[in-house]
Amino acid sequence: MQYTTLLIVTLTSSCLSIVSGARIIAMFPYIGKSHFDVFEPFVKELAARGHQVVVLSHFPQKQPITNYTDISLVGSITTEARDRIDLGRISGTEILKTAVKEIRGIFESCDRMLSFQKVQDLFQSQETFDLIITETFLADCFLPLVHKFKAPHVAISSSIMFPWSNDRMGNPDNPSYIPTQGTYFSDKMSFIQRLINVIANTALKFIFSATESTVIAGYVRKHFGDDVPSPSDIARNTSLLLVNTHFSLNGPRPLVPGIVEVGGLHIRPPKKLPKDLEDYLNGAEHGVIYFSMGSMIRAETLPEDKRDAFLQAFSELPQRVLWKWEGDTLPGQPKNVKIAKWLPQFDILNHPNVRVFVGHGGLLGSIEAVYAGVPMVGIPMFGDQPTNIRAIVNCKMGVKIDYNEISKESVLKALRTLLDQPSYRENAKRMSKIYLDRPMSAMNTAIFWTEYIIRHRGAPHLRPAILDLAWYQYLLLDILAAFLVSIITIVFLIYVITKKLAKMFTLHHRKKSKQS
């Protein structure tokens, strides 16, 4: 028995040692802070577990961390950082224009970052790594480094899955019931909604593929030469995709083993609030409404009419309001409204006196609302925000206000609906229990599967055979063609034989008639 125990301990220790000192490089070139907020706890946890982690990003650590090395991209983008959005410029079609401008800026920033000396030094270096982690977003210009280092590749998404990610991982993506990112559809769609969803899904895949094969591939050839495979070919060899979703909120859908949901990866235990906030929340007899438009949208740029609509609505409510407001002053600020340039959102949402969260529908904020069990008023702008708010509405723990329809009346109606109807708070608490009911936390799940990829050297056994099929083979068009050819051949043979028999019968009949 002692020998058996010793053997188990030895095998376990040797298995753990395989991954305890892995060298990992994580590349997060997008400048949006909210994206890095998802990845930072993950790479820090990898470092805390003994891995040597090199992180390429725009957000170097202010204090040194054991096993954590920064390659800073600060200075690689010379234009003004596009991490804040001016609400004064968003109305009607301007929302679409802003989104298009943002996407164009992401692609253009690829060229500038690939020209950055630190990136060029990394590509020319003789460094070796056991694992490469990248963000899967709108631009894959850093994927040539995956090819260069010849290490297993783990992709991670800060949002719900993009349509093209399914193709890369060999995952089924049926638009008849799976809403496309950016649409405001549930998994139960009408005929028209399914039609729009199919068009949106196909269009997004086509546009991304066309852009990647021209613009991004051009940048790759410019900076890394012609011998590097295309980004799409490199991406199809991704070992694992970690997605910031959970079926309880985002809906059930089929996933291949190489795609793992880790919704709430950025969540950590709530911390004690600063005394002034604690006192403000504790003293709210009728509860508190928390209002924040996230880290990328500047609330102070709200047009005056929309700002006044919120202020007038808040002034008619008995609840206190805590508003993340970047300005020094708030014109017309009612007595029941407190402003601050920065607020510990997750800690606030977990205070028992918070009754409603008003936000733009970013995935991190939506997840935090679900985690804390707080009803939500969503004002989606672009990207995955409409899809996130649709999920909140589907769970019956929130309502939606269109940005262009913001008025005192619409704000009051939304807030009173959530405040006066207990079912919304009950549903939010129910959703919180479901969301948290997992065999492992999101962080432990992400760490387990990441180390699984290291232990099994890329885990090629997770790779579905569909990735080796041509598109016509996957759609069974070759089988259909074979059936059609067979049917046509059989019909043709029947026709020829019938015609021959008919001719023989006719000749025989004529010959017999002549003899008689």
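Would you point out the residue of the range 31-60, among those that are assigned to a loop (DSSP other than H, G, I, E, B) and out of contact with any strand residue (DSSP E or B) (no Cβ under 6 Å at 6 or more places or on another chain), that is surrounded by the fewest Cβ atoms within 10 Å (Cβ to Cβ)?
Gly50
Val220: β-branched (Val, Ile, Thr), surrounded by 13 or more Cβ atoms within 10 Å (Cβ to Cβ) and touching a helix residue (DSSP H, G or I) at 6+ places or on another chain (Cβ under 7 Å), yes or no?
For Val220, the condition - β-branched (Val, Ile, Thr), surrounded by 13 or more Cβ atoms within 10 Å (Cβ to Cβ) and touching a helix residue (DSSP H, G or I) at 6+ places or on another chain (Cβ under 7 Å) - is met.
When you look at Glu108, is it assigned by TED's automatic domain parsing to the domain that holds Arg253, at pLDDT 90 or above and of a type outside the set (Phe, Trp, Tyr), yes or no?
No.
Do we find a residue being of a type outside the set (D, E, K, R), surrounded by 23 or more Cβ atoms within 10 Å (Cβ to Cβ), outside any helix (DSSP H, G or I) and free of Cβ contacts under 8 Å to residues at least 24 places away in the same chain anywhere in the range 377-391?
yes
Quick check on my filter: what residues within the range 181-218 are part of a loop (DSSP other than H, G, I, E, B) and within 27 Å of His35 (Cβ to Cβ)?
Answer for the range 181-218, where residues must be part of a loop (DSSP other than H, G, I, E, B) and within 27 Å of His35 (Cβ to Cβ): Gln181, Gly182, Thr183, Tyr184, Phe185, Ser186, Asp187.
Evaluate the following for Asn237: is it more than 19 Å from the chain's Cα centre (by Cα), touching a residue at least 40 places away in the same chain (Cβ under 8 Å) and at negative phi?
Taking the combined requirement at face value, the residue satisfies it.
Search the range 317-331 for residues being over 18 Å from Leu343 (Cα atoms) and modelled with pLDDT of 95 or more, and hand back the single one that is farthest from the chain's Cα centre (by Cα).
Pro318
Against the definition (in contact (Cβ under 8 Å) with a residue 60 or more places away in the chain, surrounded by 18 or more Cβ atoms within 10 Å (Cβ to Cβ) and small (Gly, Ala, Ser)), how does Ser186 come out, yes or no?
no
Quick one: would you say Val377 is in the same structural domain as Asp279 (by TED's automatic domain parsing), over 22 Å from Lys271 (Cα atoms), among the β-branched types (Val, Ile, Thr) and at pLDDT 95 or above?
Answer is yes for this residue.
Residues checked against (1) in a loop (DSSP other than H, G, I, E, B); (2) small (Gly, Ala, Ser):
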residue	(1), (2)
Thr134	no, no
Leu145	no, no
Ala151	yes, yes
Val154	no, no
Ser159	yes, yes
Asn166	no, no
Pro172	yes, no
Pro179	yes, no
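The values are calculated or read from the model by the stated rules, or taken from the named source; none is laboratory data. Fair warning: this is a prediction, and the values are worked out from it, not measured in the lab. All Cβ positions, even for glycine, are placed from backbone atoms using ideal geometry, and neighbour counts span all protein chains on display.
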